[in-house]
Amino acid sequence: MSQGGRLEDAMNEEVKVVTKQRVAGRPKLLVPQIAGFIYCPGCHEPLAARAIAEVLEKLGMGDRAIGVFDIGCNSFLLGMLDIDAVLTPHGRPPDMATGVKRVYPDNIVFTVQGDGGLLSIGADPLLGALTRAEKITIIMLNNAVYGTTGGQMAPTSLEGQVTTTTPNGRDLARTGFPTHAAEMIATFRGVAYSARGAFNTPKNYMRTRKYITSAFQKQMDNVGLSFVEIICACPENWRLSPIDSLKWIEEKMIPEFPLGEFKNVDRIE
Amino acid sequence: MGERMFIEGNIAVGWGAASAGCQAFFGYPITPQNEITEWFAREFPKMGRIFAQSQSELGSINLVYGAAAAGVRAMTSTSGPGWSLMQETMSDMANAELPCVVVDVQRGGPGGGPIRHAQQDYFQCTRGGGHGDYRNIVLAPASSQESCDLVQLAFYLADKYRNPVVVMTDAIIGRLRETVEVEKIEFGPLPDKDWAVKGKARHKDGKRRIVDHSGDLLRRYPSYRALLQSLEQKMKQMQESELRYEGYKMEDASLILVAYGYTARVAKEAVNMARADGIKAGLIRLITAWPFPYQVIREKACQGGKFLVVEDSLGQVIEDVRFAVEGRAEVHLVSILDRHIPTDGGMILPDKVFDKIKEIQ
């Protein structure tokens, strides 16, 4: 059995526990030999690869999609998705996606980035793409920490959250406040779609998949920039078990970062 | 026969890029290169090509990275501070083996510096500029005509080596208006960019393509050493094949001036003044600032020549000349401190260089 098979079994196991039914097989666009061993146990980021793969297959756009991936845990998604891909220096995907999209306006061009990569070091490329109303899709995985580097404070870290750079808990008076990307991005005139989802329950997974579908559809319809933020568990850096991480998302993350659509327009006036 | 135009060096950059089939230009305002970005904003949409004003020089080079990854000829232009901002991605492009052309219209530094001419970016241009082991070919035009022609060569070399190529001019060459014959130059065939990301549907084999600046994540090379060996091989090949310089009155010269860009034209004038005075002066004008003509200079040093470097900085080219002569010859300098007036409008003038020639001959 491939290592990828283990991931699918694990996912199906979780789904069985919760819903007692199989919701999906392996999407063809998921590369089997890499999925399953790169991510830490309980991490939600591989679910983003699965969701993106399912959406691209449903839209029939797998061979016309180009993914632009950031440095960080999310960069492993590049290995999981069987599509053309660009890896960029940290924080720069909206810029590179712009360059690609300007050359191939008929392709779906999307970025996958973490919260630090998009909102902190990547603020300049993000603001650039928003200002120019680039017709790209930005997918931000929000796990409230810098994951790859060992769990430092991110712009999305919660009040009181213990990280390696806030060992006594995040003090808002000293460090500022959590950034709400989906709400902020929705305020830009050139944005067609902005939503926030999560992967903590099968229902939320399916809702988030719908958000990704809408975001890609806006791009295919040439409306404007589209954005999906996805709350992802990072048990390793949260120092929580995978199950407790789900509780933390429900009780801490979602009250701070409410789920839903913040902008959804078919035409930008 | 090409079209004749009376244009600035900065504008000649645009016509050179258009002749070379550049498809995408991304730029950000900074003096003294604004004429370049404005030319592309004006002319490229008319040609059905891509122009976007970026949010910063970080943005410019990143957009170039994206367009280059998509397989088209792409470029940007900037000056001093913006050039510094681009260095991280330049290093990434060297690793990812992405071709592009970047024009640095040099201005004064360090820091914000004056916005007028200077030649202080030589080290940063010729040593790679960003982090890690890599070099870029650096072309140094000394006229509007050369600005047009060397930009075309830059695109060819970038594609040939799959590496960024730098065109290093300065505010004087950029703003000097001269007659230019704009003509497409043929350099020979290049392989298809089969490595570019275009969406799988556009690939004949239907397989995915990945542009990766780490060299590690997807094992583009079997090991880190293999990646470095490949980069080293590329740098050696550039040094062996791409050295370009102009020798002026060099046959019997015993006093050899070394310069590039605007100061090369000043130096040429000083050589003419020296020759009229019976002094056997000559000039090595750098056309490639990297690769550098170490061997040519070393041979002249072995024959007993003296050297005079003329550069509008505190002395950067002179280090390469000293390295080349290995202590065998005297090496003198006319520098930014020898400008005719002390303000940022000061220039190195031929009289000053001629005085130095008479002093050291």
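Once the C-beta distance of B:Q87 and B:L190 is scaled by a Förster radius of 22 Å, the resulting FRET efficiency is 0.25 to the nearest 0.05.
Express the C-alpha Rg of segment A:125-169 as a ratio against the empirical globular expectation 2.2 N^0.38 Å, rounded to two decimals.
Working: Rg = 14.1 Å, N = 45, 2.2 N^0.38 = 9.3 Å.
Ratio of Cα Rg to 2.2 N^0.38 Å: 1.51.
Taking Cα centre as origin and charging only the Cβ of basic (Lys, Arg, +1) and acidic (Asp, Glu, -1) residues, the dipole magnitude of segment B:3-182 rounds to 120 debye. Couplings 3J(HN,Hα) for segment B:42-50, derived from phi with the Karplus relation 6.51 cos²θ - 1.76 cosθ + 1.60 (θ = phi - 60°), are 7, 8, 5, x, 4, 8, x, 9, 8 Hz, where x marks Gly and Pro. Computed over the protein assembly as shown, the per-residue total of -39500 (n - 2.57) for DSSP H runs of n ≥ 4 gives a 222 nm mean residue ellipticity of -11500 deg cm²/dmol, rounded to 500. Note on segment B:195-270: Cα Rg divided by 2.2 N^0.38 Å, N the number of residues, gives 1.96.
A simple count of charges around B:S241, restricted to other residues whose Cβ falls under 12 Å of its Cβ and scoring Lys, Arg +1 and Asp, Glu -1, yields +2.
Here segment A:80-217 is treated with +1 on each Lys and Arg Cβ and -1 on each Asp and Glu Cβ, and its dipole about the Cα centre works out to around 360 debye. A simple count of charges around B:G199, restricted to other residues whose Cβ falls under 10 Å of its Cβ and scoring Lys, Arg +1 and Asp, Glu -1, yields +3.
Can you tell me the FRET efficiency between A:K247 and A:R174 if r is taken as the Cβ-Cβ distance and R0 is 35 Å, rounded to the nearest 0.05? Let's see the in-between values first.
Numbers: r = 28 Å, r/R0 = 0.79.
After rounding, the FRET efficiency stands at 0.80.
With a threshold of 32 Å on the Cα-Cα distance, the over-threshold entries among B:K46/B:K200; A:K218/B:K198; B:K193/B:K249; B:K193/B:K268 are B:K193/B:K249; B:K193/B:K268. Using every pair of separate Cα atoms, the Kirkwood estimate puts the hydrodynamic radius of the protein assembly as shown at 26.4 angstrom. With protein chains left intact and a 1.4 Å probe, residues in chain B average 39 Å² of accessible area per residue.
Can you give the Kirkwood hydrodynamic radius of segment B:279-361 from its Cα pairs, in Å with one decimal?
Details: mean 1/r = 0.0741 Å⁻¹.
Mean inverse Cα-Cα distance, inverted, gives 13.5 Å.
For the chain pair A and B, the interface hides roughly 2800 square angstrom of accessible area in total, found with a 1.4 Å probe. Quick one: net charge around A:L141, please, counting Lys, Arg +1 and Asp, Glu -1 for every other residue with C-beta under 15 Å from its C-beta. Residues near A:L141 contribute -2 overall.
In straight-distance terms, cross-link reach from B:K356 covers every one of the aspartates and glutamates whose alpha-carbon lies under 14 Å from its own, apart from those fewer than eight places away in the same chain; here that gives B:E269, B:D277, B:E311, B:E330, B:D338.
Using every Cα-Cα pair within chain B, state what percent have a distance larger than 26 Å. Tail fraction, whole percent: 50. Excluding residues fewer than 8 places away in the same chain, name every one of the aspartates and glutamates whose C-alpha is closer than 12 Å to that of A:K252. The qualifying aspartates and glutamates are A:E159, A:D244.
Entry for segment B:3-182 at q = 0.17, 0.18 Å⁻¹: log10 I(q)/I(0) = -0.97, -1.10, Debye formula applied to identical alpha-carbon scatterers, no solvent contribution.
Between B:K193 and any residue 5 or more places off or on another chain, the built amide H atoms are never under 5 Å apart.
Diffusion coefficient (Stokes-Einstein, Kirkwood radius over C-alpha pairs, 37 °C, 0.692 mPa s) for segment B:214-361: 197 µm²/s, rounded to a whole number. Note: segment A:35-264, Cα convex hull, 108 Å³ per residue.
Note on the protein assembly as shown: antiparallel DSSP beta bridges, both residues inside, total approximately 25 percent of the bridges counted.
The shape of segment B:1-68 can be summarised by an equivalent ellipsoid whose semi-axes, obtained from the alpha carbon gyration tensor, come to 21, 14, 9 Å from longest to shortest.
Pop out the carbon and sulfur fraction of the accessible area of segment B:193-335 as a percent, whole number, probe 1.4 Å.
Working: 3040 of 6510 Å².
Using a 1.4 Å probe with all protein chains present, segment B:193-335 comes out at 47 percent carbon and sulfur.
Rolling a 1.4 angstrom probe over segment B:103-160 with all protein chains present gives an accessible area of which 51% lies on carbon and sulfur atoms. Averaged per residue, chain A has 39 square angstrom of accessible surface, using a 1.4 angstrom probe with ligands and nucleic acids left out.
Go ahead and run the numbers for FRET between B:E359 and B:S230, Cβ-Cβ distance against an R0 of 35 Å, rounding to 0.05.
Working: r = 48 Å, r/R0 = 1.38.
With R0 = 35 Å, the Cβ-Cβ based efficiency is 0.15.
The values are calculated or read from the model by the stated rules, or taken from the named source; none is laboratory data. Every value quoted in this text rests on a predicted model; they were computed, and no experiment measured them. Cβ atoms come from the backbone with ideal geometry, glycine included; neighbour counts cover every protein chain shown. All accessible areas refer to the heavy atoms of the entire protein, side chains included, with ligands and DNA or RNA removed. Shrake-Rupley method; radii C 1.70, N 1.55, O 1.52, S 1.80 Å.
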